[in-house]
Amino acid sequence: MKKLNLITLIMCFAIGCWAQQRETDTFKTASGKTLKITCIKHASIMMEYDGKVIYFDPVTRLEPQTDFTSWPKANYIFVTHEHFDHFDSMALTELRRNYTVVYTNNNVYAQWGSGYAMSNGDKAEVCDDITVEAVPAYNTTPGREKFHPKGRDNGYILTIEDLRIYVAGDTEDIPEMAELKDIDIAFLPCNQPYTMTPEQLVKAAKVIKPKVLFPYHYNDTPIRKVTMFLAGSGIDVRIRNYK
């Protein structure tokens, strides 16, 4: 009995550690269904809705390495652009099944060779309750345009029933953000010179006005500054481990 209790204790500890590492937020749709959003790392996100599993920019090699063979297989995968910390063919291979649909920008499509290529402004019906729109993601700071040139990369707006989720990809606070309406959940990146400074992210958040904001892709940026700067804004800022 003592041995069994010890084994049970070890298993519970392991499950608890896994749960701590996999931070998950839960939202309800208008129909009462559950949307679960799980933080993986950096720009890698998993969403679960009505038995469907959706990934954004899953990568294996970026530290800490992720073994996606133990993760739920994907119904849909969205890749914003071809940089190694967003597009990883090994991760896509581990997550893909015959039914998996991959949405990418044109450069990733040329390298991956299958799925659907989307350009800025394109829209698609993913399934009955889900649609997606590809929106611009690019650098504007002089000298940094080379990292993410205008027109090449995608952000995505995923609409699940009534919930509108904006995954910005690698971008600065671009003028097109003023056109984004009724965003419930936003993922905004924060690491110059490649994406935004905390100040730029705050400016973008005040323009977009999401109900919930997840700063992501922030590496060693002092990301708690975003929470401080947005205090009193009415935006629910949630810091998860997106280093």
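The values are calculated or read from the model by the stated rules, or taken from the named source; none is laboratory data. All of these numbers come straight from a predicted model, not from anything done at the bench. A quick note on method: Cβ atoms are made from the backbone with ideal geometry, for glycine too, and the neighbour counts reach across all protein chains shown. Calculation scope for accessible area: heavy atoms of the full protein, side chains included, ligands and nucleic acids excluded. Shrake-Rupley method; radii C 1.70, N 1.55, O 1.52, S 1.80 Å.
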| task | Name the residue farthest towards the positive end of the dipole of the range 103-192 from the options A178, L188, W112, assuming +1 on Cβ of Lys and Arg, -1 on Cβ of Asp and Glu, about the Cα centre. | result | W112
| request: Could you quote the convex hull projected area for the chain, Cα atoms only and averaged over all directions, in nm²? | output: 14.9
| Can you pull the percent of the range 150-243's accessible area that's carbon plus sulfur, 1.4 Å probe, other chains left in place? | 52
| Derived scalar couplings ³J(HN,Hα) [the range 136-146; Karplus, 6.51 cos²θ - 1.76 cosθ + 1.60; whole Hz; x for Gly, Pro] | x, 8, 6, 8, 10, 5, x, x, 10, 4, 5
| query | Rounded, prolate or oblate: which one fits the range 41-82, using the alpha carbon gyration tensor with axes a ≥ b ≥ c (rounded when a/c is under 1.5, else prolate when a/b beats b/c, else oblate)? | reply | oblate
| Under 5 Å between amide H atoms, partner at least 5 residues away or on a different chain: which partners does V135 have, H built in plane at 1.01 Å? | G121, G155, Y156, I157
| query | For the range 36-101, with every protein chain kept in place, what is the accessible area per residue (1.4 Å probe, Å²)? | reply | 37
| request: Let me know the shape class of the range 57-114, please: from the alpha-carbon gyration tensor, a ≥ b ≥ c as square roots of the eigenvalues, rounded when a/c is under 1.5, otherwise prolate if a/b is greater than b/c, or oblate. | output: oblate
| P(r) tail fraction, the range 36-154 - alpha-carbon pairs more than 22 Å apart, % | 32
| query | Hey, what's the per residue convex hull volume over the C-alpha atoms of the range 157-208, in cubic angstrom? | reply | 63
| field | Share of pairwise Cα separations in the range 104-243, more than 26 Å, in percent | value | 22
| Hey, what angle do you get for helix 198-208 against the long axis of the chain, alpha-carbon based, 0 to 90 degrees rounded to 10? | 80
| said: With only alpha-carbon atoms in the gyration tensor, what are the semi-axes of the equivalent ellipsoid for the range 23-96, in Å, largest first? | reply: 23, 12, 11
| task | Tell me which residues come under 5 Å, amide H to amide H, from V53 once H is placed; ignore anything under 5 positions away on its chain. | result | N75, Y76
